[in-house]
1. Give the residues of the stretch B:3-21 that are within 14 Å of another protein chain (Cβ to nearest Cβ) and either within 8 Å of DNA strand D (Cβ to nearest atom) or surrounded by 12 or more Cβ atoms within 10 Å (Cβ to Cβ) (or both), sorted by residue number.
2. If I go through the stretch B:63-75 residue by residue, how many of them are more than 7 Å from every other protein chain (Cβ to nearest Cβ) and either of a type outside the set (D, E, K, R) or within 16 Å of DNA strand C (Cβ to nearest atom) (or both)?
3. Among (1) within 16 Å of DNA strand D (Cβ to nearest atom); (2) under 19 Å from B:K103 (Cβ atoms); (3) in a helix (DSSP H, G or I), which single condition is A:R101 missing?
4. Which numbered condition trips up A:C78, out of (1) closer than 19 Å to B:R108 by Cα; (2) more than 7 Å from chain B (Cβ to nearest Cβ)?
5. For the stretch B:32-62, give me the residue count where each residue is more than 14 Å from chain A (Cβ to nearest Cβ), away from DNA strand C (no atom under 11 Å from the Cβ) and not aromatic (F, W, Y).
Number of protein chains: 2
Amino acid sequence: MIKRGALAEATGSNIETIRYYEKIGLLHEPDRSASGHRLYSRDDQKRLGFVLRCRELGFSIAELRELLGLVDTKDYTCAEVLAVTTQHIEDIAKKIADLKRLKRTLDRMSAECSGEAVPDCPLVEALFE
Amino acid sequence: MIKRGALAEATGSNIETIRYYEKIGLLHEPDRSASGHRLYSRDDQKRLGFVLRCRELGFSIAELRELLGLVDTKDYTCAEVLAVTTQHIEDIAKKIADLKRLKRTLDRMSAECSGEAVPDCPLVEALFE
DNA sequence: CTTGCACCTGTAGTTACTACAGAGAGTATA
DNA sequence: TATACTCTCTGTAGTAACTACAGGTGCAAG
């Protein structure tokens, strides 16, 4: 059983983030010492690891809640997990496409611009339409 | 001179967003009618168009503030505008790369998963590490 | 014993909006 | 003219996902 600071250290997360995840119900309320300090078990640490890893992979808190909901039922199926993940992958693919389109537009616009120390920029004209 | 609702309509923006942009100083305070209703000129509309277009292109409010700061000086140079834009393009390129990496990881992980109606998912195992 | 850090709580700030509530203004119809 | 309905006004609160503080205990070392 370790305290909050040690858990943050061990998982490479922010100490406040842990309290936040507890508050919004992603993490269970941990045990407490006699004086009220949080004490985390190995399982608590694994669960936080899961949360952090999912966040790194871009899952939203809502998606995470869904995943944890499945995991917590203890009889989730592959199909259920894959559904959430596939949806997430599609969202990411869409974001990538959007950003690429954005970048193409910006590339095109900035190609018009000499970048020299002269006034009146065609890029600004383009933005004003 | 048109009112806020008409301006929102004309620019395809939300009526509340206009007030917000005014509040944070992206838009100048417009004229007012005798009874206090905002009245927007053609120039106001052009400026809002500029703001909306930049936002569509993914510029942050801070970047926009910088661009508008240049535009407002009236003797900005191409070089200055290009610097902001180039930085923004680089940020987008980085985001695209990050998302692609994410997607590769997720694709790899979900390839492990049969997606069938069976319990215990290798995807979940992977997320728990 | 006291110094100093870790931890506790609640709350406010961040970004870029969006959505109210309650009141006054403007317009269309009866 | 009266009424109804829509628009606009203001300030404030909510959203996502944290992060950062303030003011107050607990704990371990010197």
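1. Across the stretch B:3-21, the qualifying residues are B:A10, B:T11.
2. Final tally of qualifying residues: 9.
3. (1)
4. With respect to (1) closer than 19 Å to B:R108 by Cα; (2) more than 7 Å from chain B (Cβ to nearest Cβ), A:C78 is out only on (2).
5. 2
Results for (1) touching a Cys at 6+ places or on another chain (Cβ under 7 Å); (2) surrounded by fewer than 18 Cβ atoms within 10 Å (Cβ to Cβ); (3) within 25 Å of B:T105 (Cα to Cα), shown as yes or no for each residue.
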{"position": "A:K23", "(1), (2), (3)": "no, yes, no"}
{"position": "A:S33", "(1), (2), (3)": "no, yes, no"}
{"position": "A:K46", "(1), (2), (3)": "no, yes, yes"}
{"position": "A:S60", "(1), (2), (3)": "no, yes, yes"}
{"position": "A:E63", "(1), (2), (3)": "no, no, yes"}
{"position": "A:L67", "(1), (2), (3)": "yes, no, yes"}
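Bear in mind these aren't lab numbers, they're just calculated from the coordinates by the rules spelled out. Here the structure is a predicted model, which means the values were calculated and not measured. When we count neighbours, we look across all protein chains shown, and the Cβ atoms used for this are built from the backbone with ideal geometry, even at glycine.
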